[in-house]
Each structure stands twice: as C-alpha cells, then as structure tokens.
Amino acid sequence: VPDEFLDVIGSLLKQAEDPKQDRALLARALSLPDVVMIAQAQETVDPDAISVVRNALKKAVKSAHKDQLVKVYELCAGCEQFGITPASMGRRSIRGVLLSYITATNGTGCAARAKNHYDTANNMTDRMTALANLRDNQNPERDDALSDFYERFKDCPLVIDKWFGVQAMAERED
C-alpha cells in the first residue's frame, strides 16, 4: 500500500477529530470504492481479487492508524437520542466507516467492538452497520447479533430482507 495513501487517510482522520468538520463528507472521503464501482472500471471483472485488495487496504489502514481510528470512532459516539440532523447523520456515517477499518482483521477484539456497536445502537443504521462488520467474523458475537436481530424484527418482512442481505454478502467459507 503506497505511503501516500496511508498519509492521506491519516490526514483525513486528523480532520475528523474536529467536531466542526463535515463528518459525513469525511466519511465519504475515507470510504473505499465498493466492489461494483471497481468492477465497472475493469475490462475483466474478478470479484474475489477486488475483495482481496479491498480487505488488504483496510488491514493496512488499520495497521497504520489503529489508535487514531479508535480515537475518532469514540469521539463520534453519540450520547444523544437518535436524530436526523446533519451532525448526527455525519457521526453515524463516519463511525460506520471507521468500524469497517477497525474490524478489518475479524479477530476477537473486532467482534467485541462490532457487537458493542450493535448492542448500543438506537437506530437501524447502527444495527445494520454492526451486522455488516460482523458478517465475516467467525466469533460467537456474530451469531449472537444475528439471532438477536432476527428475534427483534422477525415480524417485519422488509427488515428481515436486510438481515438476509447482510448474511448473503458475507465472505466466509461456510
């Protein structure tokens, strides 16, 4: 991973520490392009290769900036009630992006952090973010969160469709 890329990520994270910054914009700037966007630019599409590279980039960012990722993630934790203000939405957005970097290695600490994100969620955005970051994990927190989500929303077909969707996107051998 080029040092310049990691330096830019570090600079963006430093900006995100300032609550006056537009965290929604910073979340977009910190986000890697998704598989579909990358595939559109390729003559031959290899989804597995794209996924491997994206995951390697996330792991490199985590390795280079773990402390700063966690610091900004925690700074953006909202203690307030759920809101649809730009500031609230920006905090949720950047926390989701940062959680994807922080949990990139799918270890036990990653599972615990994503499960805590799930457990403390007071809105569907945060719950789905947590599930998306647990879906590839082999630890029991994944199954606990998926089970809890199903039990909470089993009578809401559209929400259960989201539950199926997040699992269908999992990159696991099973």
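The values are calculated or read from the model by the stated rules, or taken from the named source; none is laboratory data. Just so it is clear, the structure is predicted and the values come from calculations on it, not from any experiment. Glycine gets a Cβ as well: all are built from the backbone with ideal geometry, and neighbour counts include every protein chain shown. In case anyone asks, the SASA skips ligands and DNA or RNA and just uses the protein heavy atoms, side chains included. Shrake-Rupley method; radii C 1.70, N 1.55, O 1.52, S 1.80 Å.
Condition (residue is touching a Lys or Arg at 6+ places or on another chain (Cβ under 6 Å), of a type outside the set (A, V, I, L, M) and surrounded by fewer than 21 Cβ atoms within 10 Å (Cβ to Cβ)) applied to region 77-87: is it met by at least one residue?
Scanning region 77-87, I find at least one residue that is touching a Lys or Arg at 6+ places or on another chain (Cβ under 6 Å), of a type outside the set (A, V, I, L, M) and surrounded by fewer than 21 Cβ atoms within 10 Å (Cβ to Cβ), so the answer is yes.
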>> Restricting to region 34-47, and then to whatever is in contact (Cβ under 8 Å) with a residue 12 or more places away in the chain and within 16 Å of Met169 (Cα to Cα), can you tell me which residue is least open to solvent (accessible area, probe 1.4 Å)?
In response: Val35
>> Regarding region 63-71, can at least one residue be identified that is under 30 Å from Phe149 (Cα atoms), open to solvent by less than 30 Å² (accessible area, probe 1.4 Å) and touching an Asp or Glu at 6+ places or on another chain (Cβ under 8 Å)?
In response: no
> Condition test on Ala41, is it over 17 Å from Ala114 (Cβ atoms) and at pLDDT below 95?
Replying inline: yes
>> Against the condition exposed (fewer than 14 other Cβ atoms within 10 Å of the Cβ), at negative phi and not in a helix (DSSP H, G or I), how does Glu74 come out, does it pass?
In response: no
> From Thr129, Thr125, which residue is of a type in the set (Val, Ile, Thr), under 15 Å from the mean Cα position of the chain (by Cα) and more than 14 Å from Ala170 (Cα to Cα)?
Replying inline: Thr125
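Does Lys115 count as of a type in the set (Lys, Arg) and under 13 Å from the mean Cα position of the chain (by Cα)?
yes
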>> Restricting to region 1-46, name every residue that is in contact with a helix residue (DSSP H, G or I) (Cβ under 9 Å, 6 or more places away or on another chain) and in a loop (DSSP other than H, G, I, E, B).
In response: Val1, Glu17, Pro19, Gln21, Asp22, Ser31, Leu32, Pro33, Asp34, Gln42, Val45, Asp46
> Mind checking which pairs have a first residue in region 89-107 that is open to solvent by less than 10 Å² (accessible area, probe 1.4 Å) and a second that is outside any helix (DSSP H, G or I), Cβ under 6 Å, 6 or more apart or different chains?
Replying inline: Ile94/Cys76
> For Val52, are the conditions met, namely being more than 23 Å from Gly10 (Cβ to Cβ) and assigned to a helix (DSSP H, G or I)?
Replying inline: yes
> Which one of the conditions (1) in a loop (DSSP other than H, G, I, E, B); (2) at pLDDT below 95; (3) closer than 23 Å to Arg54 by Cα does Arg92 fail to meet, given that it meets all the rest?
Replying inline: (1)
